[in-house]
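Following: one structure in structure tokens, then a few remarks.
What follows draws every value from the coordinates through simple rules; no lab data is involved. As the structure is a computational prediction, the values presented were derived from the model and not from experiment. Positions of Cβ are backbone-derived with ideal geometry, glycine not excepted, and every protein chain shown enters the neighbour counts.
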Amino acid sequence: AQKITQTQPGMFVQEKEAVTLDCTYDTSDQSYGLFWYKQPSSGEMIFLIYQGSYDEQNATEGRYSLNFQKARKSANLVISASQLGDSAMYFCAMREVGGFKTIFGAGTRLFVKA
Amino acid sequence: DAGVIQSPRHEVTEMGQEVTLRCKPISGHDYLFWYRQTMMRGLELLIYFNNNVPIDDSGMPEDRFSAKMPNASFSTLKIQPSEPRDSAVYFCASRLGSGSWVDTQYFGPGTRLTVL
């Protein structure tokens, strides 16, 4: 069965520094997609970045990058130059290609300090 | 383009009352999902539809919960009768099902339900 594990319930980072949010996953499928979502205090779920299991290069979207290590089954989110507005809950998620359900982790709450 | 639209954004009701949550998916998306988020249980998938047909409702907690999708642009989640333990944020999400991992799921703003 598919599973997403986020082991960091909370993280602190100083403004302008980089931070890595951990995500490990478990699946027996060969083709799958990995996603990160941000949920600020306002409550909406905002899509940030995705990585396909066959993508050889790590995905990047602005200040967000996904450190994908397939052999270790990890898909860590790296936020560079943290901003106060990055304070939020971050969810890692996975879906097999052609699958219907997206599996979400428990989330990591990030606090950016001024 | 408009995103997923949910209404109401906030709902406060009394135990025993019927509650109806509404969702308009992104135009052209053929999958629609209803989630519930609580502090204790995190994000839970309740039910999802493909081309307006319910595919998997195994996440629906009880018979008090029902969901419909009468057409491609509208879905409802109904709780009748509501109970205090139903208090949560309910999200609707939609995506295109082309079979690729790039079919990202987009969420609506959520409905915060409080049952007194």
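Scan chain A and hand back the longest stretch that contains none of the chymotrypsin sites (Phe, Trp or Tyr not before Pro) lying in DSSP loops with at most 15 other Cβ atoms within 10 Å. Intermediate values should be presented prior to the final figure.
Numbers: sites that count: A:Tyr54, A:Phe100.
It works out to A:1-53.
Can you give the alpha-carbon Rg of the protein assembly as shown over 2.2 N^0.38 Å, where N counts its residues?
Details: Rg = 17.8 Å, N = 230, 2.2 N^0.38 = 17.4 Å.
Normalised Cα radius of gyration, the protein assembly as shown: 1.02.
From the cross-link list A:Lys101/B:Lys24; A:Lys3/A:Lys38; A:Lys38/B:Lys68; A:Lys38/A:Lys101; A:Lys3/A:Lys101, which pairs have alpha carbons spaced over 21 Å apart?
Checking Cα-Cα distances, A:Lys38/B:Lys68 exceed 21 Å.
In whole percent, what relative contact order does chain A give with Cα contacts below 8 Å and a gap of six or more residues? The partial results should precede the final answer.
Numbers: 285 pairs, mean separation 42.3, N = 114.
Relative contact order comes out at 37 percent.
Loop only by DSSP, 13 or fewer other Cβ within 10 Å of the Cβ. Give me the trypsin sites (Lys or Arg not before Pro) in region B:17-93 that pass, ordered by residue number.
On the way: sites: B:Arg22, B:Arg36, B:Arg41, B:Arg64, B:Lys68, B:Lys78, B:Arg85; in loops: B:Arg41, B:Arg64.
Here the sparse-neighbourhood loop sites are B:Arg41.
Go through region A:1-95 and name the GluC sites (Glu not before Pro) that are in a DSSP coil and have 10 or fewer other Cβ atoms within 10 Å of their Cβ.
Values: sites: A:Glu15, A:Glu17, A:Glu44, A:Glu56, A:Glu61; in loops: A:Glu15, A:Glu17, A:Glu44, A:Glu56.
Taking region A:1-95 and a limit of 10 other Cβ atoms within 10 Å, the loop GluC sites (Glu not before Pro) found are A:Glu56.
Cα to Cα, under 17 Å, and not fewer than 8 places away if on the same chain: which lysines meet these conditions relative to A:Lys16?
Once the sequence-local lysines are set aside, what remains near A:Lys16 is A:Lys113.
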